[in-house]
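Please read the structure below before turning to the comments.
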Amino acid sequence: MSFELAIDWPTFLATYWQKKPVVIRQAFANFQDPISPDELAGLAMENEVDSRLVSQTDAGWQVAHGPFTDFDHLTESHWSLLVQAVNHWHPAAAELMQPFRALSDWRMDDLMISFSVPDGGVGPHLDQYDVFIIQGAGRRRWRVGNNDVIAQHSPHPDLLQVTPFEAIIDEILEPGDLVYIPPGFPHEGYSLENSLNYSVGFRAPSGKELLSGFADYVLAQELGSRRYEDPSLRLRDNAATILDEEAARLRDMMSGLLNSEDFTPWLGEFLSQSRHELDIAPPQPAYQEDEVRDALEEGAALHRIGGLKVLQLASYTFINGERFSSPDPLFLSLLADKAEIEAEQLLPLIENNSLLTQLTGLINAGYWHFGEEAEEDEE
Ligand code: SIN
Ligand code: CO
């Protein structure tokens, strides 16, 4: 199943992206849910999958974390089951991410899916990320406020909410409608009936994440061991003084590391790491190179596992936090560009033995596989 998103990206970027929220009616015409509530509940029972159940009871807000063993004690209303990174585990649902790749793979985070019963929701809150919330089955009322400073509080240790806000958007979303919410705009969604919502989230790193990520790289690669030198040390009036020129040289030492040739490989490695667990299942037994060639000659398509980040920067390709180069850049560009690669596209390339070796390595690492689960899940 592929999803057609009716959006004019240039207009959207100029008017709304990181600027203001918007509802796009029938962004997905004839929207068909790629997953059922039962399948979602099944995922929430898996150890590797991050899920939570948020409910509003007479005793206040409650949060339970998965994996869940059963859903027997649930009431008819006032709860919502939220499952993170469903694109990593459910190929048909992962297809919903494809249209949003227009905005770049590196900014994309995950697909969170929620199932809510009447009056179910996580309450009024803010997110740090841009999110596109797509309405699947059912109807849900979404209120979104302005990005004025707003107080946050925790009605439960695992729940951060905001005080009531005035809405600039207050609409009932129907299947196929979408609401885009930039970071910092308070919002709340309440289901009118049993409903499914798909949140395509975009993540932006903070300065402290970047700096600590770079520091980890400096340590791991044993960079930056050269020490400060001061062959022209100047005498000072007060022994306690750090001279401005000394502070400037120390700062230059630090920015010198950031501005070095190490920055690009670090950045690619850093940004290509997934924040959520990947469904990596290396084939057992491992593929031999001639088996890979045979499979392609038989027309098998190659599929990338959901959520794997394959990014390109300068002359490098980064896959899941690792840097790759190849004798044929076209090969890695193909792997980076397409979530599914037809055999015909790969066959001419693997005539080059070193590319066949590289491809076999990536398949044996569990990053790409033959066979299509997405089609099976469509039933
Ligand atoms: C949801 O309840 O489906 C979305 C939660 C959110 O607003 O981030
Ligand atoms: Co939110």
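What the table shows:
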{"read-out": "Amide hydrogen neighbours beyond the local backbone of residue 22, cut-off 5 Å, H modeled", "value": "180"}
{"read-out": "Proximal lysines to residue 338, defined as alpha-carbon separation beneath 26 angstrom and excluding residues fewer than eight positions away on the same chain", "value": "309"}
{"read-out": "The range 297-327 and the range 164-201: distance between their alpha carbon centers, rounded to Å", "value": "34 Å"}
{"read-out": "Signed unit charges on C-beta, dipole axis of the range 1-132, positive-most listed residue 61, 131, 12", "value": "12"}
{"read-out": "For residue 71, solvent-accessible area (1.4 Å; no DNA, RNA or ligand), Å²", "value": "50 Å²"}
{"read-out": "Accessible area (Å², per residue) of the range 49-117, counting only protein heavy atoms and a probe of 1.4 Å", "value": "41 Å²"}
{"read-out": "Whole-number accessible area per residue in Å² for the range 259-363, which is evaluated in the context of all protein chains at 1.4 Å", "value": "50 Å²"}
{"read-out": "Percent carbon-and-sulfur accessible area, the chain, ignoring ligands, DNA and RNA, probe 1.4 Å", "value": "49 percent"}
{"read-out": "Candidate residues 75, 57, 69: accessible-area rank, largest first, probe 1.4 Å", "value": "69, 75, 57"}
{"read-out": "Spin-label model distance (nm) - residue 325 vs residue 342, 7 Å beyond Cα toward Cβ", "value": "3.2 nm"}
{"read-out": "Solvent-accessible heavy-atom area per residue, rounded to whole Å², over the range 208-254 at 1.4 Å", "value": "89 Å²"}
{"read-out": "Positive-end residue, the range 194-307 charge dipole about Cα centroid, Cβ charges, pick of 232, 219, 301", "value": "232"}
{"read-out": "Table column - 3J(HN,Hα) (Hz), the range 270-284, Karplus curve with 6.51, -1.76, 1.60, x for Gly and Pro", "value": "5, 6, 8, 7, 7, 7, 10, 4, 9, 8, 8, 10, x, x, 10"}
{"read-out": "Exposure ranking of 172, 133 by accessible area [1.4 Å probe, largest first]", "value": "172, 133"}
{"read-out": "Solvent-accessible surface ranking, highest first, for 202, 115 at 1.4 angstrom", "value": "115, 202"}
{"read-out": "With all protein chains modelled, accessible area of residue 55 [1.4 Å, Å²]", "value": "30 Å²"}
{"read-out": "Length-normalised contact order of the range 98-177 in % [C-alpha pairs under 8 Å, at least 6 apart]", "value": "34 percent"}
{"read-out": "Computed over the range 118-245: relative contact order in percent, which uses C-alpha pairs under 8 Å that are six or more apart", "value": "36 percent"}
{"read-out": "Label-point separation, residue 168 to residue 235 (7 Å along Cα→Cβ), nm", "value": "6.3 nm"}
{"read-out": "Accessible area (Å², 1.4 Å probe, nearest 10) - residue 188", "value": "30 Å²"}
{"read-out": "Rounded if a/c under 1.5, otherwise prolate or oblate - the chain, Cα gyration tensor axes", "value": "oblate"}
{"read-out": "C-alpha center-to-center spacing [the range 115-153, the range 250-269] in angstrom", "value": "39 Å"}
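The values are calculated or read from the model by the stated rules, or taken from the named source; none is laboratory data. Computed from a predicted model, the values in this text were never measured in an experiment. Don't worry about glycine lacking a Cβ; one is built from the backbone with ideal geometry, like all the others, and counts go over all protein chains shown. Accessible surface areas use protein heavy atoms only, side chains included; no ligands, DNA or RNA. Shrake-Rupley method; radii C 1.70, N 1.55, O 1.52, S 1.80 Å.
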